[in-house]
1. With a cut-off of at most 15 other beta carbons within 10 Å, and DSSP calling the residue loop, which GluC sites (Glu not before Pro) in the range 84-121 qualify? Please list them.
2. Let me make sure I get this right: for the range 14-307, a, b and c are the square roots of the gyration tensor eigenvalues over alpha carbons, sorted descending. Under 1.5 in a/c it's rounded, otherwise prolate if a/b > b/c, else oblate. Which is it?
3. Need the list of lysines near Lys99 for cross-linking: C-alpha distance under 16 angstrom, and skip anything on the same chain fewer than eight residues off.
4. Run the reach check for Lys102 against aspartates and glutamates, Cα to Cα strictly under 19 Å, same-chain hits fewer than 8 apart removed. What comes back?
5. Pairs to check: Lys177/Lys253; Lys181/Lys252; Lys111/Lys141; Lys38/Lys151; Lys151/Lys196. Give those whose C-alpha atoms are more than 27 Å from each other in this structure.
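Readers should treat all values here as calculations from the given coordinates under stated rules, not as data from a laboratory. Predicted, not measured: the structure shown is a model, and the values here were computed from it. Cβ placement follows ideal geometry from the backbone for every residue including glycine, while neighbour counts extend to all protein chains displayed.
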Amino acid sequence: MGSKKPRKSQKDSISAHAFRIRFLRRSREIYNRYLETKPWIKQMHTSFLGLKPGMRIVDVGCGTGDFTRYLASLIPAKTTIIGVDTRAASLRAAERETKNAKLDGSISYRKGDAYNIPIENGWANLACCRTVLMHLTDPLKVVREMARVTKRGGTVAAVERGTINSVYIPDDEKFTKIAMKLADAYVEGVKKLEHKYFNIGERLPTIFSKAGLTGIMAEIQTDAYLASDPRRRLEDVRDELDFALAFFRETKKVDSRAMLAGGASRKSVNRYNRWFENYVGALLRDDVKLRNDTTFGAGGLYLVAGRKQ
Ligand SMILES: C[S@@+](CC[C@H](N)C(=O)[O-])C[C@H]1O[C@@H](n2cnc3c(N)ncnc32)[C@H](O)[C@@H]1O
């Protein structure tokens, strides 16, 4: 507990849980349906990333290809997108789902490392990634590599989480503060244990500048979560909570370890863990309760882009 050395095994790293297909695919499906309630987000992505027909795009750390297919869906005409990931199982799922979505004419996948992208110099008009740099110990090196595969005048972009996130637990100001502190402790703990900045968003413009990119710009997409929101189907909200509970149970041990390493007390970690399991469990047993719940959560996804000179 609280070891100062980086953890050696990649398999039991905190990031490894986020890469597992079961969680990745299911959480992305739910998130995509959530995005359908916010049509302005697609417009923001199209404009911010300068998406145009005929572009050549690389999606680094594409996982099951969710963001890759999302990008293709935003460009109405033919485009060429290559998704790259180290995980063969994720790429197999990505290929299968891309075929099902009839996007295999535009999208192909390659097994490869973000630190050594298997694409020639200057191939892409846009090299991008979503929630990948937060899981890597040398994000600057990866951004430089993304710049290498981008042509002059092209764009390098990243979509990652940052410090904007908040929670409100109804009528419990003290526990709300504890929950917010635990979220900070978690990020600090991951930094200590695994040398990764989970809240990398604010740092991205500086990293992009160090990588030699210019004209750096940023935007933040903020997402609010309320189980009572009638724009969302009941089964989606239920699925989301069900998924959150399954993920919580699976990662409770490593997450608690990170919070403790980040300075949280054992007492508040235990209290939070107990509360979360009881709270979500109670909502999942009672639809009326769920649809009237006003526990509030919000998170920000930071979009940063720069031009290759
Ligand atoms: C949280 S997932 C995000 C997947 C996808 N970008 C999305 O938004 O749905 C992070 C992905 O990065 C991949 N990854 C981690 N380290 C990598 C590396 N060194 N090279 C390439 N991919 C990597 C993981 O296998 C995983 O698929």
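1. Numbers: sites: Glu95, Glu97, Glu120; in loops: Glu120.
Answer in residue order: Glu120.
2. Values: a/c = 1.90, a/b = 1.49, b/c = 1.27.
Since a/c reaches 1.5 and a/b is larger than b/c, the shape of the range 14-307 is classed as prolate.
3. Lys78
4. Glu29, Asp59, Asp66
5. On the way: Lys177/Lys253 22 Å; Lys181/Lys252 17 Å; Lys111/Lys141 19 Å; Lys38/Lys151 32 Å; Lys151/Lys196 29 Å.
From Lys177/Lys253; Lys181/Lys252; Lys111/Lys141; Lys38/Lys151; Lys151/Lys196, over 27 Å: Lys38/Lys151; Lys151/Lys196.
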